[in-house]
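Read through the structure below, which is laid out as structure tokens, and then see the notes.
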Amino acid sequence: MKFGRISAIAVAALTATSLAACGSGSPGTGSTGGAAGGAGQTVKVGIKFDQPGLGLKSGSTYEGFDVDVANYVAKELNYTPQFVEAISSQRETLISTGQVKYIVGTYSITDTRKAKVSFAGPYFVAGQDLLVKSDETAITGPDTLTGKKLCSVKGSTSASNLQKKYPGVQLQEYNTYTLCVDALKAGNVDALTTDNTILAGYAAQAANKGQLKVVGTTFSTENYGVGLKKGDTAFCTQVTTALATFISSGEWQKSVDKWLGPAGFKPGAGNPPTAAACS
Amino acid sequence: MGELFATYPILAAFGMTLLLTFFAAIGAAVLGTLVAVLRVSPVPLFQKVGALYVNVFRNTPLTLIIIASNIVMIVNLGFSFTEDIARDNVYWAIIGLTVYHAAFVCESLRSGVNTVPVGQAEAARSIGLTFGQSLVQVLLPQAVRGAITPLGNTLIALAKNTTVATAIGVAEISGLQKTMTEDRIDLILPIILVVAAGFVVITLPMGLATSWLSGRLAVKR
């Protein structure tokens, strides 16, 4: 990708020029990368709109842990974020076509995705877990699921992997987690599986508070990263620095407690993570 | 592309799409004919019931019908056919597709009935046939032949609408497409091509058969 690199340098140079013309500096960024922040420029940021506790649109405001991360990164880089919805299947397209500058939306860092986009982070280590009714005692982990009904959303590979490993499990799939939560509360399915962060977000919702609990035995590792344009190392480094400050300043812990804490959720081992170097 | 076919049950998923299409088409043909009979019957109450059915189901989004068949019928009312969740969802998806498309089948047939000159019905009644006899012997045979094209359109729409069944987890092709996209974003173009080509293979013969039949069966007047 020679061309991509050259154009990235060109963009960086242009940004630097325009900054110099404006005569504004931005705090916390060195001049080595060339592009020194956005000088309050508005950028589009992809988040989830439908995940309580992580990225949720309520009215005209956005709230959740991922939203806090997105806002903090934007603040550190001196950008004004404008949120757009990034549904899972469109995340790579949104980034590679430049429709969003970066995405913070329960975006697990995987090798197949790295072929299309670059990641800064991880900023959170999540894992697949189970959500059950709060009076459930029989289900303590995936190996106690035999003969039980498990719910997940279509396209989530984690659920079908679980079913392959434990053939006695019956899988009900819907197009949204909300329907799973309804079926779980009605007693039609016994457990709901996906990343523990998403589960905690639902358990912490006012309508479900006290009725649901996260089991707490994770059986996969999902490293959430900030998705950005492939090969944009300069920008990636800036985001990584911002994420490190987010964690070291205690904002990370505050945000986790605020959005996922009400469900009694504690981040698992490896949290808060150290962001990997950009390549 | 070979990797996709080796890793994912693509053919089985298209098989499920065909199965949903096949049974829902039969169901919709039967139910749609019944509703059409109600709508063209001489009894005002029956006409109203038929019109109500068509207006309710034709104007309700299919996604809503499919999700309601699971969330309302299974989850809240407990109407399950079997303990096996996957099969239960297939049955309910077929029922949901049937009630939705029956409304369109009914309207197609009614448009066919309107192609039959009024004189035919009057002649049938005047030689002493009852409403039922004139309907079965005179009106419907001509109506079906006049309605081949709109019925074919409904069938093609049905084949593509089966993708909505993924909302309640039926293992058909659009659900598999989501799974494949989630795992293998690097192969997104081959995935889209395979799914699109599969639907062309399914629907194109339907369209060709419809055109051929409508020419062949047209009532020469």
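The values are calculated or read from the model by the stated rules, or taken from the named source; none is laboratory data. Predicted model only: the values in this text are computed from it and were never measured. Cβ: placed from backbone, ideal geometry, glycine included. Neighbour counts: every protein chain shown. For accessibility, only protein heavy atoms count, side chains too; no ligands or nucleic acids. Shrake-Rupley method; radii C 1.70, N 1.55, O 1.52, S 1.80 Å.
Of note:
- Complete set of residues in segment B:149-184 that are in a helix (DSSP H, G or I) and acidic (D, E): B:E182, B:D183
- Residues that are surrounded by fewer than 16 Cβ atoms within 10 Å (Cβ to Cβ) and away from chain A (no Cβ under 14 Å) within segment B:182-209 comprise B:L193, B:A196, B:A197, B:V200, B:V201, B:L204, B:P205, B:G207, B:L208, B:A209, listed in sequence order.
- If you filter segment B:81-91 down to residues that are more than 10 Å from every other protein chain (Cβ to nearest Cβ) and free of Cβ contacts under 8 Å to residues at least 40 places away in the same chain, you find that the one that is farthest from the chain's Cα centre (by Cα) is B:T82.
- Of the residues making up segment A:184-206, one or more are acidic (D, E) and either touching a strand residue (DSSP E or B) at 6+ places or on another chain (Cβ under 9 Å) or within 14 Å of chain B (Cβ to nearest Cβ) (or both).
- First in segment B:61-80 and within 10 Å of chain A (Cβ to nearest Cβ), second anywhere and loosely packed, with under 14 Cβ neighbours inside 10 Å and not charged (D, E, K, R), Cβ under 8 Å, 6 or more apart: B:V75/A:A186; B:N76/A:A186
- From the list A:K254, A:K230, the one residue that fits, being more than 19 Å from A:K48 (Cβ to Cβ) and free of Cβ contacts under 8 Å to residues at least 12 places away in the same chain, is A:K254.
- Within the option set A:T240, A:T221, being more than 14 Å from chain B (Cβ to nearest Cβ) and either within 16 Å of A:G53 (Cβ to Cβ) or open to solvent by 40 Å² or more (accessible area, probe 1.4 Å) (or both) holds for one residue only, A:T221.
- Criterion violated by A:A39 - all others in (1) open to solvent by less than 10 Å² (accessible area, probe 1.4 Å); (2) in contact with a Cys (Cβ under 9 Å, 6 or more places away or on another chain) satisfied: (1)
- Just so you know, in segment A:70-87 the residues that are among the β-branched types (V, I, T) and open to solvent by 30 Å² or more (accessible area, probe 1.4 Å) include one that is nearest to A:F235 (Cα to Cα), and it is A:T80.
- Failed item, numbered, when B:A171 is tested on (1) within 14 Å of chain A (Cβ to nearest Cβ); (2) touching a Ser or Thr at 6+ places or on another chain (Cβ under 9 Å); (3) of a type outside the set (D, E, K, R): (2)
- Which numbered condition B:G128 fails, given (1) assigned to a loop (DSSP other than H, G, I, E, B); (2) open to solvent by 60 Å² or more (accessible area, probe 1.4 Å): (2)
- Evaluation of B:F46 against (1) surrounded by 14 or more Cβ atoms within 10 Å (Cβ to Cβ); (2) within 18 Å of B:L158 (Cβ to Cβ); (3) more than 13 Å from chain A (Cβ to nearest Cβ) (one fails), failing number: (2)
- Counting residues in segment A:48-69 that are aliphatic (A, V, I, L, M), over 20 Å from A:C180 (Cβ atoms) and part of a helix (DSSP H, G or I) gives one or more.
- Residues that are out of contact with any Cys (no Cβ under 9 Å at 6 or more places or on another chain), under 16 Å from A:S89 (Cβ atoms), buried (at least 18 other Cβ atoms within 10 Å of the Cβ) and hydrophobic (A, V, I, L, M, F, W, C) occur in segment B:155-169; there is at least one.
- Filter pass, B:A103 being open to solvent by less than 10 Å² (accessible area, probe 1.4 Å), over 30 Å from B:K220 (Cα atoms), among the small types (G, A, S) and under 15 Å from the mean Cα position of the chain (by Cα): no
- With respect to (1) farther than 13 Å from A:Y224 by Cα; (2) within 15 Å of the chain's Cα centre (by Cα); (3) more than 11 Å from chain B (Cβ to nearest Cβ), the lone exception for A:Y107 is condition (1).
- The residue list B:L20, B:L4, B:L38, B:L62 contains one member that is open to solvent by less than 20 Å² (accessible area, probe 1.4 Å) and in contact with a Phe, Trp or Tyr (Cβ under 7 Å, 6 or more places away or on another chain), which is B:L62.
- All conditions but one from (1) over 25 Å from B:E107 (Cβ atoms); (2) open to solvent by 30 Å² or more (accessible area, probe 1.4 Å) apply to B:I10; the one that does not is (2).
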